[in-house]
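Below: one structure, written as structure tokens.
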Amino acid sequence: MTPAADPQGLTRVPVALAERSYDILIGSGLVRGAGATLAERFPGRAVAIVTDAHVGEIHGPALEASLSGAGIRHHRITVAPGEATKRFAVLEEVVDQILAHRLERGDIVLALGGGVVGDLAGFAAAIVRRGMGFVQMPTSLLAQVDSSVGGKTGINSRHGKNLIGAFYQPGLVLADTDVLDTLSTREFRAGYAEVAKYGLIDDPGFFAWLETNWRGVFQGGRDRVHAIATSCRAKAAVVARDETETGDRALLNLGHTFGHALEAATAYDGARLVHGEGVAIGMCQAFRFSAKLGLCAPMDAVRMANHLKAVGLPTELSEIPGGVGDVDRLMAAIGQDKKVARGKLTFILARGIGESFIARDVDPAAVREFLAEELARD
Ligand SMILES: NC(=O)c1ccc[n+]([C@@H]2O[C@H](COP(=O)([O-])OP(=O)(O)OC[C@H]3O[C@@H](n4cnc5c(N)ncnc54)[C@H](O)[C@@H]3O)[C@@H](O)[C@H]2O)c1
Ligand SMILES: O=C(O)C(=O)C[C@@H](O)[C@H](O)[C@H](O)COP(=O)(O)O
Ligand SMILES: [Zn+2]
């Protein structure tokens, strides 16, 4: 289905969360128009722009010019690019700078960047003065289709991925599709893994559309906007019915129980593995594990992996430079997953493409056996 477009040609996807409802605006020119948009929606608010050094250098000046043009006081807070930035020391620095600039509770923390910046800045917004205004301006494909939506914010711990954080919804998401033109192919592909995830969870028609049209998504234009909007609508629907992951929302974790363990096993070193790549391998593992357990046709596991391979994503552990250690190491990371309940493992498994489900109380011995096989694959 084609999402509704507003009069300026932007696509608007609402996230329905009662008094915390907000819009995701998707399209061209949103950075340029940010000053006018914020002045209209949040009049009189000052802005702390949190960005990474890479994104800030490329897209910071246009955003700042737009805010200045609308008479909005703003300050830029810059962090280092990469997953290692999601840690306490950097959070402390961001919080300190927000306070040093004397931003008030009603002022806005604006995340300009990928998922790393969004998760970190969102967590800062949640805790400074017990909750400031928060706007997401996602600049990676991954952030536009996933991390800027739904209010999961946080940082990593030495015990595991995203273990410290809060649910804190933004008041607005501005996904400017123009900025994706400066994203590297590797990072675009990584974000594509989360796009494919929505098809694999419960939308086989979308997955089939991606198999045919993925080149258009990579090129830009209508297909890209369609993929972003479809992803945002899928995520908005799940978040609206289960904001804090007491049930259904866990489906969005397809590929993440394995994927997060791989990120931990590679010490969050983006040179070896970035989040979307971990999710790509993790989703393939979820399907292969489902096939091994007799839940899903082996051909479906082959089909989904073939598509991810076709776009250039990794699908096997053997593709991770430097390896990921042994079964014990991976099981230790999996044991810290936030979906563990009463000591029992939870995985998102599949009965087929678009037929994912939440499997609770998964037998650790079966996971061990499966991982040993995975480590032995070429
Ligand atoms: N909160 C959620 O719901 C959620 C969902 C998915 C992922 N995440 C988190 O998101 C993070 C991954 O996000 P990511 O893939 O965006 O990684 P990222 O934030 O590290 O960005 C990837 C790289 O691309 C660069 N970049 C971003 N936008 C750019 C642009 N327009 N032009 C040029 N370079 C650009 C960044 O500087 C960085 O080097 C992980 O920490 C993951 O856990 C969170
Ligand atoms: O929004 C969600 O819910 C997700 O699970 C989306 C994931 O893509 C994302 O990586 C999220 O940060 C993982 O959440 P976590 O609770 O497993 O840390
Ligand atoms: Zn993810």
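The values are calculated or read from the model by the stated rules, or taken from the named source; none is laboratory data. Everything numeric here is computed off the predicted structure, so don't read it as measured data. Don't worry about glycine lacking a Cβ; one is built from the backbone with ideal geometry, like all the others, and counts go over all protein chains shown.
If you check Gln169, Gln144, which single one turns out to be outside the structural domain of Glu245 (by TED's automatic domain parsing) and touching a Pro at 6+ places or on another chain (Cβ under 6 Å)? Walk me through how you get there before you give the answer.
Working: Gln169 fails: touching a Pro at 6+ places or on another chain (Cβ under 6 Å).
Exactly one of Gln169, Gln144 is outside the structural domain of Glu245 (by TED's automatic domain parsing) and touching a Pro at 6+ places or on another chain (Cβ under 6 Å), namely Gln144.
Given the structure, is Gly82 buried (at least 20 other Cβ atoms within 10 Å of the Cβ), near ligand 1 (Cβ under 10 Å from one of its atoms) and at pLDDT 95 or above? Can you show your working first?
On the way: buried (at least 20 other Cβ atoms within 10 Å of the Cβ): no; near ligand 1 (Cβ under 10 Å from one of its atoms): yes; at pLDDT 95 or above: yes.
Judged against the criteria, Gly82 is not a match.
Restricting the stretch 340-363 to residues that are in contact (Cβ under 8 Å) with a residue 40 or more places away in the chain, over 12 Å from Phe258 (Cα atoms) and not small (Gly, Ala, Ser), which is surrounded by the most Cβ atoms within 10 Å (Cβ to Cβ)?
Ile353
For the stretch 151-210, give me the residue count where each residue is more than 25 Å from Ala62 (Cβ to Cβ) and among the small types (Gly, Ala, Ser).
Summing the residues that are more than 25 Å from Ala62 (Cβ to Cβ) and among the small types (Gly, Ala, Ser) in the stretch 151-210 gives 11.
With the stretch 218-326 as the region, which helices (runs of 4 or more DSSP H) entirely inside it contain at least 1 residues that are buried (at least 19 other Cβ atoms within 10 Å of the Cβ), modelled with pLDDT of 95 or more and at positive phi? Let's see the steps before the verdict.
Numbers: elements: 222-241, 256-265, 275-292, 298-311.
The helices (runs of 4 or more DSSP H) meeting that bar number zero.
Among the charged types (D, E, K, R), within 16 Å of ligand 2 (Cβ to nearest atom) and more than 23 Å from Thr246 (Cβ to Cβ): which single residue out of Arg130, Arg158 fits that description?
Testing whether each residue is among the charged types (D, E, K, R), within 16 Å of ligand 2 (Cβ to nearest atom) and more than 23 Å from Thr246 (Cβ to Cβ) leaves just Arg158.
For Gln169, work out the one condition from (1) among the polar types (S, T, N, Q); (2) in contact with a Phe, Trp or Tyr (Cβ under 7 Å, 6 or more places away or on another chain); (3) surrounded by 24 or more Cβ atoms within 10 Å (Cβ to Cβ) it doesn't fulfil.
(3)
For the stretch 113-159, which positions are over 24 Å from His260 (Cα atoms) and either near ligand 1 (Cβ under 8 Å from one of its atoms) or of a type outside the set (Lys, Arg) (or both)?
Ala125, Ile127, Val128, Gly131, Met132, Gly133, Phe134, Val135, Met137 - these are the residues of the stretch 113-159 that are over 24 Å from His260 (Cα atoms) and either near ligand 1 (Cβ under 8 Å from one of its atoms) or of a type outside the set (Lys, Arg) (or both).
A quick yes/no check of all residues on (1) surrounded by fewer than 18 Cβ atoms within 10 Å (Cβ to Cβ); (2) touching a helix residue (DSSP H, G or I) at 6+ places or on another chain (Cβ under 7 Å); (3) in contact (Cβ under 8 Å) with a residue 40 or more places away in the chain:
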| residue | (1), (2), (3) |
| --- | --- |
| Val50 | no, yes, yes |
| His59 | no, yes, yes |
| Ile98 | no, yes, yes |
| His101 | yes, no, yes |
| Gly122 | no, no, yes |
| Arg129 | yes, no, no |
| Val145 | no, yes, yes |
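I'd like the residue in the stretch 69-96 that is touching a residue at least 40 places away in the same chain (Cβ under 8 Å) and of a type in the set (D, E, K, R) and, out of all such residues, is nearest to His260 (Cα to Cα).
Out of the qualifying residues, it is Glu83.
What are the residues in the stretch 225-251 that are within 13 Å of ligand 1 (Cβ to nearest atom) and charged (D, E, K, R), if any?
Across the stretch 225-251, the qualifying residues are Lys235, Glu243, Glu245, Arg249.
Can you tell me which of Phe207, Phe188 is under 27 Å from Thr315 (Cβ atoms), within 14 Å of the chain's Cα centre (by Cα) and crowded, with 18+ Cβ neighbours inside 10 Å?
Every option except Phe188 fails the conditions.
With respect to Asp223, is the statement that it is acidic (Asp, Glu), more than 10 Å from ligand 2 (Cβ to nearest atom), outside the structural domain of Ala18 (by TED's automatic domain parsing) and in contact with a Lys or Arg (Cβ under 9 Å, 6 or more places away or on another chain) true?
In short, yes.
Take the residues of the stretch 154-168 that are more than 16 Å from ligand 3 (Cβ to nearest atom) and of a type in the set (Gly, Ala, Ser): which is modelled with the lowest pLDDT?
Among them, the one singled out is Ser157.
Give the stretch 1-34 a look and list any residue that's in a strand (DSSP E or B) and modelled with pLDDT of 95 or more, or say none. Quick ask: steps written out before the conclusion?
At the first step, the residues of the stretch 1-34 found to be in a strand (DSSP E or B) are 5, 11-15, 22-27.
Thr11, Arg12, Val13, Pro14, Val15, Tyr22, Asp23, Ile24, Leu25, Ile26, Gly27, listed by residue number.
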